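J.: Let me give you the structure first, and then I'll get to my questions.
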Amino acid sequence: MIALATVAVGVLAHWVYPGRIAESFRFGPGSAVAAAAVLVTTEAALRFMTHRRQPVGSTSQLTLDDALRSTSIHRTAGAGLAMLFLLLGFELFSLGGGTDIPALRVTLPWVGLVCVFFCAPASWLHIGHPCLWLIRRSAPRRANTPTEAQSRTET
């Protein structure tokens, strides 16, 4: 949702104020393109991490792989979300400085500052914290014993 908001604000700002914001604040569709690139890169990295095969081995190896994978996934998601909040804050701050509507001229820079100085660090620190994310795994399936296989063939 943050990525869509960042892209939408960038495109709408460029569409509503095509020359003034781009000239005075160095703001335009570049931040929307950057947000889309961050979104695609983060999503590709997360898919790569989640679709990697797990090792066949002992329970301790599986637990270690789960811990490393979980930490990597949440750190990457937190960093990607923090970057999107930084871009959205930049866009909102720039849009507030370039608009003629008094309510938006006062409100949008403050919302942009909240995105930059509160939401971005909060997502970086709290989403990426590994202790909050636990992996719950169902009990492993038992292999068929020879007696179970024999009883199935006899019936």
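The values are calculated or read from the model by the stated rules, or taken from the named source; none is laboratory data. Only a predicted model underlies this, so the values are computations on that prediction, with no experimental measurement involved. Cβ atoms come from the backbone with ideal geometry, glycine included; neighbour counts cover every protein chain shown. Ligands, DNA and RNA are excluded from the accessible area calculation, which covers all protein heavy atoms including side chains. Shrake-Rupley method; radii C 1.70, N 1.55, O 1.52, S 1.80 Å.
J.: Counting only residues that are assigned to a loop (DSSP other than H, G, I, E, B) and either open to solvent by less than 60 Å² (accessible area, probe 1.4 Å) or more than 30 Å from Ser70 (Cα to Cα) (or both), which one in segment 1-50 is modelled with the lowest pLDDT?
T.: Filtering first and then ranking leaves Arg26.
J.: To continue, here is another question. Counting only residues that are touching a residue at least 40 places away in the same chain (Cβ under 8 Å), within 15 Å of Leu12 (Cα to Cα) and out of contact with any Cys (no Cβ under 7 Å at 6 or more places or on another chain), which one in segment 63-96 is surrounded by the fewest Cβ atoms within 10 Å (Cβ to Cβ)?
T.: It comes out as Phe90.
J.: Same structure again: Can you tell which of Thr76, Thr107 is among the polar types (S, T, N, Q), under 24 Å from Ala37 (Cβ atoms) and either in a helix (DSSP H, G or I) or within 13 Å of the chain's Cα centre (by Cα) (or both)?
T.: Step by step, each of Thr76, Thr107 is checked, and only Thr76 is among the polar types (S, T, N, Q), under 24 Å from Ala37 (Cβ atoms) and either in a helix (DSSP H, G or I) or within 13 Å of the chain's Cα centre (by Cα) (or both).
J.: Sort out which residues of segment 102-117 are surrounded by fewer than 17 Cβ atoms within 10 Å (Cβ to Cβ) and within 15 Å of Met83 (Cβ to Cβ), and write them in order of number.
T.: Selection gives Phe117 alone.
J.: Related question: In this structure, does Thr153 turn out to be under 26 Å from the mean Cα position of the chain (by Cα), at pLDDT below 85, in a helix (DSSP H, G or I) and hydroxyl-bearing (Ser, Thr, Tyr)?
T.: So Thr153 does not fit the description; no.
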